[in-house]
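Only the coordinates and a few stated rules stand behind these numbers; no lab work does. Given the structure is predicted, the values throughout are model-derived calculations rather than measurements. Positions of Cβ are generated from backbone atoms using ideal geometry, with glycine treated the same way; all protein chains shown enter the neighbour counts.
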Amino acid sequence: MTGLSSALLNIGMMATVLIPYFVLKVTGEELIIWAGWGVIIGGFLQTIINLPYLKKIGYRWAIYLKFGSEAIVLLWRRFIPSMIGIGIREINLIADSLMASFLPIGSITALNFGNRLMQFPLGIFGISTGTAVLPFYSRCVSTKHYDELSESIRFTGLNLAYIMLPVTTIIIAIGEDFVRILFQSGAFKEKAVWMTSQALIFYSLGLIFYSLNQTLTPVFYAYKDTKTPVKIAAVMVALNIVLNFVLMQFMAHRGLALATSITACVNYFLLMSLIKKKMPQISFSGILINIAKTLLICIFLYFFLRGGCYLFPVTGRVPLLIRDALLSVFTLVLFYLIGMLIKIDYITQAGKKLCHRFLKK
């Protein structure tokens with residue numbers, strides 16, 4: 001239900017734009033005002049849908065205005081750093097857009113579209129996983145089951161790697177086709193397709209690290225440490241701006257996307273080192289070794305995808321969609337088959353569990 005409540009925000013925002021535009025024929029600045037109302041309506045729907053379930057588990061609304069209480073003070077101490085962290089990320093996006101404004105026309109649009117496309121797999125797997133693991137991490141810390149927490153961090157990291165690295169490979173190999181299928185029409189010409197696909201590819205290089213960061217940051221929250229992630233985020237903004245300035249000189253808008261990916265990578269290793277200080281017993285070496293093995297498979301899969309495009313050339317949006325969808329499915333199946341053959345952790349275990357279930361039936 002929490003997943004559905006998150007979707008209601010987007011539904012509310014889209015409905016307050018599409019209905020006024022198509023039904024009421026609203027255009028221009030008035031439509032922007034409707035979009036603003038969409039955020040409020042979507043947030044209201046998010047709250048309302050959870051009320052019946054909160055009531056079922058015994059939660060009751062009550063007016064509580066004792067602002068000086070220990071619980072309220074503690075809430076603000078943890079809430080304010082998190083709020084600042086979100087603000088820092090927004091500053092990062094503004095800095096990217098500002099620097100892109102000095103680049104050729106279309107750079108800002110290409111970066112925005114490329115980033116939005118990259119956010120799709122990140123939201124489905126990375127952000128959702130980070131949200132799901134926080135309660136478990138908190139329980140492990142509160143009960144002092146640190147070995148269990150360590151194994152959970154390792155397990156989550158490996159599983160995300162086995163999802164995100166093949167997805168990244170697919171994006172790099174046929175990402176331009178995805179952009180063409182989704183956007184090419186009207187004023188969105190071939191050059192715009194190329195610029196957007198390049199932004200998408202360079203953003204996707206950091207997809208694995210964006211996802212892993214989403215699962216490492218909750219470790220600090222589990223330890224009731226909300227300040228450290230904010231400090232790290234501030235340092236990463238400064239690093240991103242420096243990298244933006246350097247890379248945009250040689251790579252234009254692609255440099256801005258690559259800078260974001262490099263920053264995500266540095267962020268991951270910094271989080272990892274700080275968690276290691278909190279939990280000396282944890283080992284990340286297994287994750288890195290298995291990621292290296294996975295990368296070798298992904299290199300082979302890249303050539304498999306490019307070969308498939310070469311052997312089966314198609315034109316037209318629908319044939320392109322069918323071909324790329326089939327190639328993507330075959331690539332994922334092939335990835336897990338090779339993973340079992342070379343005995344990569346967890347892929348082998350998942351395969352054994354799947355076979356056991358089928359044989360049991």
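Quick look at the values:
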read-out: Exceeding the 19 Å Cα-Cα cut-off - candidates K231/K278; K144/K227; K144/K231; K227/K277; K224/K278; value: K144/K227; K144/K231
read-out: Volume in Å³ per residue [convex hull over Cα atoms, computed for the stretch 78-283]; value: 113
read-out: Q119/F155 FRET efficiency (R0 30 Å; Cβ-Cβ; nearest 0.05); value: 0.75
read-out: Where labels lie 7 Å past Cα in the beta-carbon direction, separation of I289 and I32 in nm; value: 5.6
read-out: Extension reserve of the I94-K25 stretch, reckoned as 0.36 nm per residue once the Cα distance is removed; value: 21.7 nm
read-out: Approximate spin-label separation S273-S128, in nm, with each point projected 7 Å along Cα-to-Cβ; value: 3.4
read-out: The chain, helix-only ellipticity at 222 nm - DSSP H runs n ≥ 4, -39,500 (n - 2.57), divided by all residues, nearest 500; value: -28500 deg cm²/dmol
read-out: The chain - convex hull of alpha carbons, volume per residue in Å³; value: 214
read-out: Exposure proxy ranking, count of Cβ atoms within 10 Å, fewest first, for S197, S185; value: S185, S197
read-out: Loop-resident sites, the stretch 115-203, for trypsin sites (Lys or Arg not before Pro), counting at most 13 other Cβ within 10 Å (DSSP); value: K144, K189
read-out: Virtual spin-label span in nm between R139 and I40, 7 Å along Cα→Cβ; value: 4.0
read-out: Set of aspartates and glutamates with alpha-carbon distance to K276 below 20 Å, sequence-local pairs under 8 removed; value: D147, E148, E151, D225
read-out: Kyte-Doolittle mean at least -0.5 and Cα axial length at least 20 Å: DSSP H helices in the chain; value: 2-22, 29-56, 70-100, 107-121, 128-142, 146-183, 190-204, 207-222, 227-251, 253-278, 285-311, 317-341
read-out: Footprinting exposure proxy for H253, H145 (fewest neighbouring C-beta atoms within 10 Å first); value: H145, H253
read-out: Aspartates and glutamates with Cα under 18 Å of K191, excluding same-chain neighbours fewer than 8 positions away; value: E176, D177
